[in-house]
Amino acid sequence: MTTASIVQPSLWTMLTPRWRSALARLRQEQSGAGGRVLLLALVGFMFWAAVFGIAYRVLRYFRGVAEIGNLMAGKVLGVILLAFLSLLLLSNIITALSTFFLAKDLDLLIAAPIDRSRLYLSKLAETIVHSSWMVALLALPIFTAYGIVYQGGPWYPVVALAAFIPYLVMPAVVGTAITLILVNVFPARRTRELLGLMATGTIVIALAMLRFLRPEQLAQPEGFRNLVDYLAVLRTPTSPLLPSEWTAAMIMNWLLHIGDPWPIVKLWGVAPVAVALGGLLHRWLYHRGFSKAQEGAERKIRRPLRGPVAGFLRFLPVSKREFILKDLRLFFRDNTQWSQLILLAVLLIVYLFNIKSLPLHSGERVPFRLVTLISFLNLGLAGFVLSAVAARFIFPAISLEGRQMWLIRSSPLDPQAMLWSKYWVGTVPLLVLALVITVFTNWLLHAGVFMMAVAVGTIVLYTLAASALALSFGALYPQFGTENAAQIPTSFGGLVYMMSSLSLLAAIIMVQAGPVAARLRIDQFGYPPGHTTAELVAVGSIVVATCAAATIIPLRMALRTVERMEW
Amino acid sequence: MIRLVQLTKRYGKFTAVDGIDLVIPTGELFGFLGPNGAGKTTTFRMIAGILQPTSGTVEIGGIDIIHRPLEAKQRLGFIPDRPFVYDKLTGGEFLRFAAALYGQEGPAIERRIDELLEMFELSRWKDELTETYSHGMRQKLIISGALVHRPEVIVVDEPMVGLDPKSARLLKDLFRHFVDRGGTVLMSTHTLEVAETMCDQIAIVHGGKIVAHGTMAEVREQTSSEDLGLEDLFLKLTGGLRDQQLDTILEG
């Protein structure tokens, strides 16, 4: 039989196991727990509504400003898509390693007489879906807001989709190519570790650039010599060679009725060429890389984690102590886990740098209202950082137990003890972090004793709840089969957790904002007189009760889920 | 001793294990045989407390694993069919962790770990991450993990898969010594020769039910197959393909 006479399966056939598995999982989820689906729908709707609401208000404001408004709207879309593009690139690099080199179905596919380009296209499609769905979900309310504010008409969704699809394909092709080259240079297990570091490095550079280029200057026209200079900056594309700019231009051209075909030509010309080139590279390098990826890396442990840490945990019973030590060992030995600490450090530095560079105490008189607003925004930001950290480090805790759960479940270790260990291993460092950033930023903001107390109290309560939510959603939506720890927080459950914890954060801040601001006004100006102490006590009680409920109920749910888990 | 009473597991409309009643006495090596999908692994996972039965009870040494799980599990050593261990722990660390789950630590456990690793010829790899281990080495590590806390009962699913002949022989001898000293072993295997030579009693499961149970002689008598070997007996009870069907398949 000649190569030409072998009938090749269609791309759709090759993707069948994937979409059928996804459908089966969805059906299982739906049949299993109606309440969970309802909760998910509710949280998802609230989050989308919030993103849409913010985008809508900002765009309405832009639309009201003649000339500059439309330019600003385009610029903002370009910046958002640029940020998404960097996320997509990183996500594709990491995902491609799993889909192209470590997935369990590869032995079957490679042993079958399947053409390499067919394999490339099917795995590329899989990579795109895995790495891009979250960005697509986030982009949806933003694109919708653009369409509504600028009255895009009935064809707008088609135009937006036509602009978005090639935008998703290009970073996937580039990310896959980077992974392919890396795997050919390093064995896959090492590459995965290298990728963790590389991804962290890229984000560090991106964050640093964003911070030091100071894009917020665009929002301060007074910094420019005259209006012409400012308009010139707005009109110049930020990154004319990147697909984010072409997508933004295609959408804005449609919305503003500008007849410029170049963005469409660039998007739909470059994307297929990129796929073709990616296919060629794949044909050339894949087999060698795949073979290399099967080679394990031999490693001895130089510094086993015992001594001081074990001594510090001496007060615990042996099962809990060894469980905690085991989790710590796995964390520090897995580069995909510990390398995220670097990212966290950079995020913190950028955050503190931002707070420090606020011109609140530079000598100019800043309205009291603005200072109060910033204090609450800071609380929100600190909460957001803590949620993100919990998503990275606490959410994956149950999933990482994964296929080894047989050992835990067949042993006399109480599931409650397991959850207890996982909760505190994650929560204690998070609490330390929460206290450090809250106290430090409030000190930078020259906050008074009252505001400091409110911030510290709120953040401690919120941290306990966010940890519990992260652990619980991790148990409700486990990713036992995952090959890469860094991918777990970007799963569907991770998204639901982030939406839930941020909704809780927003609720807490909204509840306490009014009475706390009133009290701050009294402290500052001595008016208006009122029963603020009673109000504060009531609001404090609500916050404590809400956070306690958001801590205890999810932990109980997690315990029930873990007890009933079957695999 | 292990006692199963009307043990049932359903997944939706599918019944994987269908009302199994079985007593495995102390000091016996018991073979659990059956074709793929007969319900063996599901039964073992229920005995180990990993799966919750839909109905029925499991007792380990007279203790109900559903109502008093921690006490029952304390007596048990479970060896699963697939050797998943923590990739980023060394062999020594894994065994120390396994012992700690049963509340055991100290110099005695360290000695026990060294003995087990020595017995399974893993001492050289004690301080290496298990991600570098072969399938067989992982299997031996898991078996060591099940023995480290000195259980009364061992439940082992397909123990010989992935083991070299020397290790397989070692394991057979180990289980024999274990039951001779008053322990109980429940073992599933597809290697019928192993079951025939090693086990004191066997049970053959098919479609989630026990279709024959007892010593080899008793099973032959129950099924009126006095002159059949275990392989033919197994095929008779579980429905092997007829020659005509095989011919059809091979001829296409």
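Label sites at A:Asp107 and A:His287, each approximated as a point 7 angstrom past Cα along Cα to Cβ, lie 2.1 nm apart.
Of the chymotrypsin sites (Phe, Trp or Tyr not before Pro) found in region A:120-185, those in coil by DSSP whose Cβ has at most 11 other Cβ atoms within 10 Å are A:Trp155.
Rounded to the nearest 10 degrees, the inclination of helix B:107-119 to the longest alpha-carbon principal axis of chain B is 50 degrees.
For the segment A:322-333, counting C-beta atoms of other chains within 10 Å of every residue's C-beta and taking the mean gives 4.
Estimated from the Cβ-Cβ distance and a Förster radius of 51 angstrom, the FRET efficiency linking A:Ala41 and A:Ala518 is about 0.90.
Exceedance of the 19 Å cut-off in Cα-Cα distance is limited, within the set B:Lys88/B:Lys126; A:Lys422/B:Lys9; B:Lys88/B:Lys166; A:Lys326/B:Lys88; B:Lys88/B:Lys140; A:Lys326/B:Lys126, to A:Lys422/B:Lys9; B:Lys88/B:Lys166. Averaging the sequence gap over all C-alpha pairs within less than 8 Å and six or more residues apart, then dividing by the number of residues, gives chain B a relative contact order of 26 percent. With a 10 Å cut-off around each Cβ of B:98-105, the average count of Cβ atoms from other chains is 6. Of A:Leu102, A:Leu313, the sequence from fewest to most neighbouring Cβ atoms within 10 angstrom is A:Leu313, A:Leu102.
Listed by Cβ neighbour count within 10 Å, with the fewest neighbours leading, B:His177, B:His149 appear as B:His177, B:His149.
Across peptide B:73-79, the mean count of Cβ atoms from other chains lying within 10 Å of each residue's own Cβ comes to 3.
Exposure proxy for B:Glu218, B:Glu59: other Cβ atoms within 10 Å of each Cβ, ordered fewest to most, give B:Glu218, B:Glu59. A crude spin-label estimate for the pair A:Ser117 and B:Tyr11, with each label 7 Å from Cα along the Cβ direction, gives 4.0 nm.
Approximating the spin labels as points 7 Å out from Cα along Cα→Cβ, the A:Leu277-to-B:Glu118 distance works out to 6.3 nm. Of the trypsin sites (Lys or Arg not before Pro) found in region B:173-228, the ones in coil according to DSSP and having at most 16 other Cβ atoms within 10 Å of their Cβ are B:Arg181.
Where a number appears in this text, it was derived from the coordinates with a stated rule and is not lab data. Note that the coordinates shown come from a computational prediction; the quantities given were computed from them, not determined experimentally. Positions of Cβ are backbone-derived with ideal geometry, glycine not excepted, and every protein chain shown enters the neighbour counts.
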